[in-house]
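In what follows, a structure is listed as structure tokens, so that the remarks can point back to it.
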Amino acid sequence: MRSLADAAMGRAWTIEETRPDDRKDLFEAYLTAARLGKMEAMTNVGLHFLYGDGVRRDPKRSRMWTEKAAGLGDDVAAFNLGLAYDYGRGIRKDKTLAEAWYRQAAAMGFAVAEGNLAYLLFASTEAQQQQEAVRIYRKHARQGHAIPAYNVGLAYELGKGVRKSLKRANAYYEMSAKGGYAEAQLALGYNYSNGVGLPTDALRAFAWFRLAAGQGHPSASFNLGLMFANGEGVPKSKARAMRHFRDAASQGHVKSARWLRKLQKA
């Protein structure tokens, strides 16, 4: 026999699917299910109160319902509490509590929480926390994730949480860049262009900058503009330089806007 709690949750899901714009009724349905003990409904009620979605915004009630759901074992609720304390969403920022909730969510199997935990630890000034962050990033990099691979590269380049090694930094940047991460492609382009831990190679620099620019990265477009403006590894071309500077400037890249004005006057 279907319980009252299950029926209430079913009603909420029906509204979600058939009348998603009816936010007040949706909130009331989730609230009813939450009061009847449905853990997932408690998490949703917490979000409704946090954002004022179908109900008057109330951060205190949001936290109450979210903590109740997390206490019952909801990994999403634990992660949401980590976010709340990390970014001050309806509550005063507290990095210690954010770390604790991220750890709890990760222990429950919520993989995204581990990534947020690593980001939090990497920003710490304590070597032990930085080292833990790099271990997490390295584990995710080995699983084929491009952004963590870039972060390991950054750690090696900065000597943060690991001993500084430009060779290892570039190896992880390449792993990330081949995975399609534009920031890593930009880093490799810069390092090939400037001989940072790699032999200077304008053609390789150009290739990586072009890939990053193709994904809309303004700094990559700026660097392509410089290469065409100066004839570095490519034929000098004012028209192509201006095109790349224009692309970057349209995204708010200040140096590109200056170069664009300079070439327009030339």
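Identify, from the list Asn230, Asn194, the residue that is more than 30 Å from Gly144 (Cα to Cα) and open to solvent by 30 Å² or more (accessible area, probe 1.4 Å). Quick ask: steps written out before the conclusion?
Values: Asn194 fails: more than 30 Å from Gly144 (Cα to Cα).
Only one candidate qualifies: Asn230.
Cβ-Cβ distance below 7 Å, separation of 6 or more or different chains: which pairs start in segment 1-25 with a residue that is modelled with pLDDT of 95 or more and open to solvent by 60 Å² or more (accessible area, probe 1.4 Å) and end on one that is assigned to a loop (DSSP other than H, G, I, E, B) and charged (D, E, K, R)? Pairs found: Arg23/Asp53. Of the residues that sit in segment 47-78 and are within 20 Å of Ala106 (Cα to Cα) and among the small types (Gly, Ala, Ser), which one is farthest from the chain's Cα centre (by Cα)? Filtering segment 47-78 for residues that are within 20 Å of Ala106 (Cα to Cα) and among the small types (Gly, Ala, Ser), the one farthest from the chain's Cα centre (by Cα) comes out as Gly71.
Each residue in segment 174-184 was checked for being part of a loop (DSSP other than H, G, I, E, B) and open to solvent by 40 Å² or more (accessible area, probe 1.4 Å), and 2 of them qualify. Number of residues in segment 75-127 that are open to solvent by 40 Å² or more (accessible area, probe 1.4 Å) and on the phi > 0 side of the Ramachandran plot equals 1. Each residue in segment 1-38 was checked for being part of a loop (DSSP other than H, G, I, E, B) and more than 30 Å from the chain's Cα centre (by Cα), and 8 of them qualify.
Residues are listed down the side, and each one gets a yes or a no for (1) open to solvent by 30 Å² or more (accessible area, probe 1.4 Å); (2) of a type in the set (A, V, I, L, M, F, W, C):
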| position | (1), (2) |
| --- | --- |
| Gln131 | yes, no |
| Val134 | no, yes |
| Tyr156 | no, no |
| Ala171 | yes, yes |
| Leu186 | no, yes |
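Would you confirm, using the coordinates I've provided, whether Arg204 is out of contact with any Lys or Arg (no Cβ under 8 Å at 6 or more places or on another chain), more than 27 Å from Leu158 (Cβ to Cβ), part of a helix (DSSP H, G or I) and open to solvent by 30 Å² or more (accessible area, probe 1.4 Å)? Spell out how you get there, then give the answer.
On the way: out of contact with any Lys or Arg (no Cβ under 8 Å at 6 or more places or on another chain): yes; more than 27 Å from Leu158 (Cβ to Cβ): no; part of a helix (DSSP H, G or I): yes; open to solvent by 30 Å² or more (accessible area, probe 1.4 Å): yes.
The answer is no for Arg204.
The values are calculated or read from the model by the stated rules, or taken from the named source; none is laboratory data. Here the structure is a predicted model, which means the values were calculated and not measured. Here Cβ is always computed from backbone atoms with ideal geometry, including for glycine, and neighbour counts include all displayed protein chains. Calculation scope for accessible area: heavy atoms of the full protein, side chains included, ligands and nucleic acids excluded. Shrake-Rupley method; radii C 1.70, N 1.55, O 1.52, S 1.80 Å.
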